[in-house]
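To keep things clear, I will list the structure first and then write my remarks on it.
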Amino acid sequence: MRVGVPREVTPGEKRVPLMADSVKRLAPKKIDVSIERGAGTGSCVSDDEFRAGGATVEDSGDALYASSDVVVRLRLPTVESIARLREGSALVSPLFPLQAQNAPLVRALAERKVTTIAVDMIPRTTVAQMMDVLSSQATIAGYYAVLMAAAALPKFFPMLMTAAGTIAPSRVLILGAGVAGLQAIGTARRLGAVVEAFDVRRVVKEQVESLGARFVEVDSDEDAQTAGGYAKETSEAYKAKQAEAIARHVQKADVVISTALIPGQRAPILVTEDMVKSMRPGSVIVDLAAEQQGNCALTEPGKSIVVHGVNILGELDLPSKVAIHASQMYARNMEKLLLHLCKSDGKDSALHLDPENEITRGCLITHAGDVVHPKVKERL
Ligand code: NAD
């Protein structure tokens with residue numbers, strides 16, 4: 001079986017979904033890898049390194065698509081790139097198929113008779129953790145958001161006692177304590193900031209505190225955790241209490257890092273314009289939810305703006321800023337996923353899709369001309 005890695009062309013994208021050492025590790029399992037020339041450049045992996053790992057380097061995307069049984073990507077496909085996939089081949093890629101705007105992609109994949117594995121639909125369970133790209137890339141985003149905030153803030157993060165006086169530590173407020181939020185807490189603490197965090201899932205209070213941050217309490221018994229571990233919409237009464245609590249803490253913060261997402265929906269607005277006005281000039285908001293329109297009412301996805309004296313950073317490609325490690329982590333996830341999806345007879349390997357398997361069932365979206373994921377089918 002041949003796995004192909006095309007060059008990602010999204011502006012600013014530097015990651016590559018498989019690294020040269022992944023190629024070496026997949027070879028004994030009879031999974032061969034081709035890359036499009038230059039695919040690893042952004043992550044500092046040369047074509048020669050890929051060749052040394054055993055990969056075939058294709059000169060053009062057309063040659064790569066034509067020879068691949070499975071194409072692996074780390075950005076959503078486009079309708080044009082779907083047309084380049086061989087009929088009957090497979091695509092392993094982010095797809096966010098439950099979001100209405102991606103329905104045309106799902107239809108195009110089914111029409112092309114492509115077997116699609118959506119990496120964002122891999123169940124968030126302990127057994128699937130090694131394949132979980134949402135977690136690995138959120139870890140990077142959480143880390144880098146803090147570095148961006150520290151660079152943009154005209155203040156130190158740590159407390160300093162110097163001959164020129166004592167500097168008070170900066171105060172960082174993290175909204176949403178999932179994978180990215182917890183990594184942001186750890187990074188901000190390591191830089192010496194005083195950190196507070198809030199999440200609608202009360203279960204994370206203990207994790208927040210174990211990292212040395214204070215959990216912001218909302219005076220309510222409501223818990224917004226679903227059986228799947230994700231957050232769900234809260235009641236209007238809870239939202240009002242939450243807004244009051246957040247407003248109090250935003251006002252005192254030098255930095256707000258927001259990461260709050262609800263799967264398949266617009267990100268909740270947690271920081272209103274009035275809250276931004278209440279912050280001291282020079283303060284920073286890094287909105288990691290910008291990809292889903294943002295947690296701050298003023299965020300402009302993809303842009304850094306200054307409003308009411310506050311820097312609001314809505315960058316979209318944070319994992320690419322740490323491209324080598326982001327690629328390394330994504331590639332490890334892909335190796336585990338490919339090994340999970342393929343079976344080898346010792347001479348060759350092929351996709352072996354077991355519909356009874358929880359992981360496969362969770363992320364298999366289209367197969368043999370049909371949309372086979374029941375929830376995705378229902379939403380089309
Ligand atoms: P996410 O990116 O979907 O959301 C980020 C955080 O925002 C979440 O913690 C969520 O509760 C929070 N949030 C949503 N609405 C909010 C609001 N209005 N106000 C404040 N916070 C709000 O989350 P994620 O990081 O992808 O994690 C999702 C779930 O998956 C979590 O339960 C996580 O523990 C779980 N998970 C499990 C594993 C595993 O292996 N068991 C691995 C990764 C993630």
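Brief remarks on what is shown
- Criterion applied to Met130, Met161, Met121 was being in contact with a Pro (Cβ under 9 Å, 6 or more places away or on another chain) and more than 17 Å from Pro319 (Cβ to Cβ), and the one residue passing it is Met121.
- Strands (runs of 3 or more DSSP E) enclosed by the stretch 265-380 - at least 2 residues per element that are within 30 Å of Ala39 (Cα to Cα): 284-287, 342-344, 349-351, 364-367
- Flag not set for Ala164, criterion: away from the ligand (no atom under 12 Å from the Cβ) and either under 24 Å from Val306 (Cβ atoms) or crowded, with 20+ Cβ neighbours inside 10 Å (or both).
- Filter result (small (Gly, Ala, Ser) and within 16 Å of the ligand (Cβ to nearest atom)) within the stretch 167-187: Gly176, Ala177, Gly178, Ala180, Gly181, Ala184, Gly186
- Within the stretch 115-132, tally of residues that are under 25 Å from Ile262 (Cα atoms) and either surrounded by 21 or more Cβ atoms within 10 Å (Cβ to Cβ) or of a type in the set (D, E, K, R) (or both): 10
- Scoring Pro355 on the criteria (1) at pLDDT 95 or above; (2) within 30 Å of Ala100 (Cβ to Cβ) leaves a single failure, condition (1).
- Selected residue (criterion: surrounded by the most Cβ atoms within 10 Å (Cβ to Cβ)) from residues of the stretch 190-231 that are farther than 28 Å from Ala150 by Cα and away from the ligand (no atom under 12 Å from the Cβ): Ser220
- Cβ pairs under 9 Å, 6+ apart, first in the stretch 249-261 and part of a loop (DSSP other than H, G, I, E, B), second more than 15 Å from the ligand (Cβ to nearest atom) and among the aliphatic types (A, V, I, L, M): Ala253/Val172; Ala253/Met279; Asp254/Ala149; Asp254/Leu153; Asp254/Val172; Asp254/Ala193; Asp254/Met279; Asp254/Val284
- Qualifying residue in the stretch 82-93 (condition: closer than 29 Å to Val200 by Cα, within 22 Å of the chain's Cα centre (by Cα) and surrounded by 23 or more Cβ atoms within 10 Å (Cβ to Cβ)): no
- From the list Ser235, Ser278, Ser320, the one residue that fits, being of a type in the set (S, T, N, Q), modelled with pLDDT of 95 or more and more than 15 Å from the chain's Cα centre (by Cα), is Ser278.
- Of the residues making up the stretch 242-261, at least one is in contact with a Ser or Thr (Cβ under 6 Å, 6 or more places away or on another chain), away from the ligand (no atom under 12 Å from the Cβ) and of a type in the set (D, E, K, R).
- Out of Met279, Met334, Met275, one residue alone is farther than 19 Å from Ser170 by Cβ, buried (at least 21 other Cβ atoms within 10 Å of the Cβ) and of a type outside the set (S, T, N, Q). It is Met334.
- Number of positions in the stretch 170-192 that are assigned to a loop (DSSP other than H, G, I, E, B) and either under 16 Å from Gln251 (Cα atoms) or without any contact (Cβ under 8 Å) to a residue 12 or more places away in the chain (or both): 1
- Taken as a whole, the stretch 262-272 holds at least one residue that is more than 12 Å from the ligand (Cβ to nearest atom) and at pLDDT 95 or above.
The values are calculated or read from the model by the stated rules, or taken from the named source; none is laboratory data. On a predicted model such as this, the values are computed, not experimentally measured, just so you know. Every residue, glycine as well, gets a Cβ built from its backbone with ideal geometry; the counts of neighbours run over all protein chains shown.
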